[in-house]
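The values are calculated or read from the model by the stated rules, or taken from the named source; none is laboratory data. What you see is a predicted model; the values in this text were computed from it and never measured. Heads up, the Cβs are rebuilt from the backbone with ideal geometry, glycines too, and the neighbour counts pull from every protein chain shown. When the accessible area is computed, the model is the full protein with side chains, heavy atoms only, and any ligands, DNA or RNA have been set aside. Shrake-Rupley method; radii C 1.70, N 1.55, O 1.52, S 1.80 Å.
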Amino acid sequence: MSKFNNLFEPFTFNKGITLKNRVVMSPMTTWSSNDDYTISDEEVAYYKKRVNGVGLVITGCTHVLPNGIGFTHEFAAYNDSFIPSLKKLADAAKSGGAPAILQLFHAGDKAIAELVPNGDVVSPSGVALTEAVPPRELTHEEILEIIHAFGEATRRAIEAGFDGVELHGAHGFLLQSFLSPFFNKRQDEWGGSLEKRLSFPLAVIREVKKAIERYSTKPFILGYRISPEEHQQDALRMKDTYALIDKLIEENVDYVHGSLVQALRSKPKYNQDNKKTYLELIVEHANNRIFVIAAGSLESPEDVSESMEKGLSLAVIGRVLISDPEWVEKVQQGREAEIQNVIKSSNFRDLVLPAKLWGVIQNAGPWFKVEQ
């Protein structure tokens, strides 16, 4: 048996869904859908190559409305015509025997203007994230439409055969922007005080829960992904994140997913007195009231094991599954010395990498180790 036993204990969500181990395939964008935003055969093969060892699969994000697209060649979920495509993805993601979760999002002002209808990029209050064309402030009616769209995308996930959805409230996308005091300057029911800035994320959560209750005939997981802080002045801080976590607990969300740069090392920059990492602070605040999972440069089995010892319920791995699809099996069999952390140009086809993803990896700088 592996010396990393804590990775391979079974885990059961409160709703009764049991995982064979504590290792999760990270939600990773592949930039590889077909031109009509349906799942490509390359993406299906990519998932099938990587899902055999993990205990849970979280897919890359999918946009719930046409104006929510955040990446080129990102598969869509914004109307029923995409259900066959989503089913294709669900079947591939579940082909290794692990449950699969579909990650839902709206990119907000990080949407790609060239791919958004009429180039009409929207945000909570028109505050621009970049120096690009400023986004337009959403109307009250449009906010209600987006909330409804998250519920409808959840219904499609259920019909497609997924075992849950994860709301992507991290990385400056729309759910996070509404929570952020920097990006949300509204003075109506959707912004201003912290309580009002929480209104949109909570409305989305409740709409998704309604869809689950109405359409799902079996246990269905609901997770929520967070970035704990933003770098701008007077922006999102840990106190906002703590308030959000408390609300997730009140709403019986199944888990909170911390998206961290380095899960074992990243610390708040805006509280010099704090010696603890984001991971430790989130686990401490959750205090066993909600399951905590986290991603962030967890690459070696030692890293993953240490993150579990620090209180994570599940550990999320990403890049290492791209460079070595058999990472989990090798660790479980005590073959961790055989893990491949470098992608060789000569064998990228053996790794079953979609051509567009391979192109991104080659230009990703220090994020991936590539040898010619």
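Annotation: Cα Rg of segment 236-367 relative to the compact-globule expectation 2.2 N^0.38 Å equals 1.23. Rounded to the nearest 20 debye, the dipole magnitude of segment 55-155 is 520 debye, with +1 charges on Lys and Arg beta carbons, -1 on Asp and Glu beta carbons, and the Cα centre as origin. Dipole size of the chain about its Cα centre, with +1 on Lys/Arg Cβ and -1 on Asp/Glu Cβ: approximately 740 debye, rounded to the nearest 20. Compute the Rg/Rh shape ratio of segment 225-270: radius of gyration over Kirkwood radius, all on alpha-carbon atoms. Reported Rg/Rh, Kirkwood definition of Rh: 0.99. Rolling a 1.4 Å probe over the protein heavy atoms gives segment 110-189 an accessible area of 40 Å² per residue. Using alpha carbons only, the radius of gyration of the chain set against its Kirkwood radius gives Rg/Rh = 0.94. Think of segment 106-260 as having a plus end and a minus end, set by charges on the Cβ of Lys, Arg, Asp and Glu; of GLY161, ALA113, SER227, GLY161 sits farthest toward the positive end of this dipole. Positive end of the charge dipole of the chain (Lys, Arg +1 and Asp, Glu -1 on Cβ, about the Cα centre): tell me which of THR18, LEU144, SER177 has its Cα farthest that way. After comparing all options, I get THR18.
For LYS330, a cut-off of 19 angstrom between C-alpha atoms picks up these aspartates and glutamates, skipping any fewer than 8 places away in its own chain: GLU9, GLU299, GLU302, ASP303, GLU306, GLU338, ASP350. Among GLN332, SER32, ILE101, whose Cα projects farthest towards the positive end of the dipole of the chain, with charges put on the beta-carbon of Lys, Arg (+1) and Asp, Glu (-1)? Farthest towards the positive pole: GLN332. Rounded to a whole number, what % of the accessible area of the chain do carbon and sulfur atoms account for, probe 1.4 Å? So the carbon and sulfur contribution to the accessible surface is 48 percent. Once backbone amide H atoms are built at 1.01 Å from N, SER33 has GLU74, PHE75 as its partners under 5 Å, excluding neighbours fewer than 5 places away on the same chain. Taking a point 7 Å from the Cα of LYS196 along the Cα-to-Cβ direction, the residues of segment 138-179 with backbone N closer than 20 Å to it are 138-147, 174-179.
Remark: segment 136-188 carries a charge dipole of roughly 200 debye about the Cα centre, counting +1 on each Lys and Arg Cβ and -1 on each Asp and Glu Cβ. Evaluated over segment 179-293, the count of Lys pairs having alpha-carbon atoms less than 25 Å apart is 23 (only pairs 8 or more residues apart or interchain).
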